1. Filter the strands (runs of 3 or more DSSP E) completely within the range 121-234 down to those with at least 1 residues that are within 25 Å of E246 (Cα to Cα).
2. Quickly run through the range 50-83 and pick out the residues that are assigned to a loop (DSSP other than H, G, I, E, B), surrounded by 18 or more Cβ atoms within 10 Å (Cβ to Cβ) and modelled with pLDDT of 70 or more.
3. If E313 passes every condition in (1) acidic (D, E); (2) open to solvent by 40 Å² or more (accessible area, probe 1.4 Å); (3) under 26 Å from I114 (Cα atoms) but one, which one does it miss?
4. Does the range 338-354 contain at least one residue that is within 20 Å of the chain's Cα centre (by Cα) and modelled with pLDDT of 95 or more?
5. At least 2 residues that are more than 26 Å from V242 (Cα to Cα) in each: list the helices (runs of 4 or more DSSP H) lying fully within the range 316-389 that qualify.
6. Report whether or not A86 is touching a residue at least 12 places away in the same chain (Cβ under 8 Å), touching a Pro at 6+ places or on another chain (Cβ under 7 Å) and surrounded by 19 or more Cβ atoms within 10 Å (Cβ to Cβ).
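The values are calculated or read from the model by the stated rules, or taken from the named source; none is laboratory data. From a predicted model like this one, the values you see are computed outputs, not experimental measurements. A quick note on method: Cβ atoms are made from the backbone with ideal geometry, for glycine too, and the neighbour counts reach across all protein chains shown. Accessible surface is based on the protein model in full, side chains and every heavy atom, while ligands, DNA and RNA are left aside. Shrake-Rupley method; radii C 1.70, N 1.55, O 1.52, S 1.80 Å.
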Amino acid sequence: MEDPKELSADAADKITSKNVPDVFASLYTGSGSFEKHEKSPFQAGEGSGEYMIVSWLTTNRCNLKCRHCYQNAGESKEQELTTSEARELIDGIARAGFKIMIFSGGEALMRPDILELVAYASSKGLRPVFGTNGTLLTEDMAVQLKKSGATAMGISLDSLDREKHNVFRGGEEAFDRTIRGMENCRRIGLPFQIHTTVMDWNRDEIIDIIDFGVKMGAMAVYLFFLIPVGRGRFIEESALEVESYENLLRAVMNKQKEIPIPIKPTCAPQFTRVAKELGVTLDRRFSRGCLAGLTYCVVSPVGMVRPCAYMTEEAGNIREKPFDQIWRESELFARLRTKEYGGSCGKCAYQGICGGCRARAGYYHDGNFMEEDSYCAHGLRMKGEAKHA
């Protein structure tokens with residue numbers, strides 16, 4: 001494979017703007033507006049349950065050793081859900097009104113029954129999508145996934161520098177295999193998007209990675225802002241400082257005005273405020289920042305239900321209660337749904353569209369996930385103004 005630094009230029013020759021998926025290219029207005037987008041498999045449109053997304057961490061097993069992994073993945077956990085239990089989980093997800101099911105991990109493609117479970121989820125009216133490192137996405141696997149009903153793949157890429165990506169992901173050939181995975185998806189018509197974890201060492205690459213996503217034919221670029229849980233605890237110093245974080249969000253939202261695919265910051269709910277301040281009209285699917293416990297939750301490899309992948313609080317165990325009952329009755333979810341936040345989040349005019357990151361609030365406030373998200377430049381400005389009032 002060619003040098004990564006030349007890869008995006010090469011891709012630019014091979015993949016013009018005409019190759020961008022029609023669902024985005026034909027509807028993009030050039031003004032930062034995506035209001036008329038067709039439904040992305042990762043985020044659906046209006047209607048009961050249409051915004052609701054569940055992520056199942058199918059296994060703790062993984063073929064890489066990523067430095068930031070919230071799941072601390074590697075070997076399979078004891079007592080991971082069986083095929084039968086996974087089917088029961090899928091039944092509960094469908095009953096609860098969810099429409100989108102993310103198969104994640106670990107590395108979901110290492111689970112032997114994954115194709116069977118994707119097909120079962122599809123048969124229940126769910127749209128199966130994936131979060132994967134992409135290294136196992138051979139052309140044959142991509143074909144089988146598509147035939148089974150998978151509608152999109154989220155593929156992780158953290159640097160356009162081969163060595164940096166490989167070191168961070170813990171695999172000598174991770175970069176090359178990930179790029180081949182994208183190419184295989186593109187070749188057989190399985191939509192994919194790029195997932196990038198944002199840290200201080202790759203922040204200057206983020207705009208280039210977004211451009212690369214467009215050139216590769218990705219359907220979207222999702223940016224995950226580091227939260228120090230799992231192995232991420234050991235690289236907390238890599239998280240962006242508050243003003244740097246704000247500046248990057250502004251750069252990303254300005255970039256959104258220029259490109260024909262959505263950019264979605266994740267674990268950075270302040271992007272909704274920044275977009276409003278900059279006059280960027282977001283896709284209606286991105287109308288709220290933090291979704292934890294509201295329209296999104298996570299199920300662990302052993303069946304524990306949590307508000308999001310970065311929160312350790314547990315809402316219940318599907319081996320003890322059906323998923324749909326946990327979703328309806330959990331006291332943890334009920335508390336999150338009050339939206340009664342503390343500190344600057346509770347006083348913020350943007351509370352309805354942002355909500356602050358509940359995982360980050362809990363991490364920095366001794367487990368109180370309803371406190372303010374202190375990683376917010378607007379919140380700091382509010383406090384400064386209050387002091388001088």
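1. On the way: elements: 127-132, 152-156, 192-198, 221-225.
Passing ranges, in order: 152-156, 192-198, 221-225.
2. Correct list: Y51, M52, T58, T59, N60, C62, N63, L64, E80, L81.
3. (3)
4. Of all residues in the range 338-354, those within 20 Å of the chain's Cα centre (by Cα) come to 353-354.
This time we only want the ones that are modelled with pLDDT of 95 or more, so: 353-354.
The answer is yes; a qualifying residue exists.
5. Answer list for the range 316-389: 323-329, 331-338.
6. It is false that A86 is touching a residue at least 12 places away in the same chain (Cβ under 8 Å), touching a Pro at 6+ places or on another chain (Cβ under 7 Å) and surrounded by 19 or more Cβ atoms within 10 Å (Cβ to Cβ).
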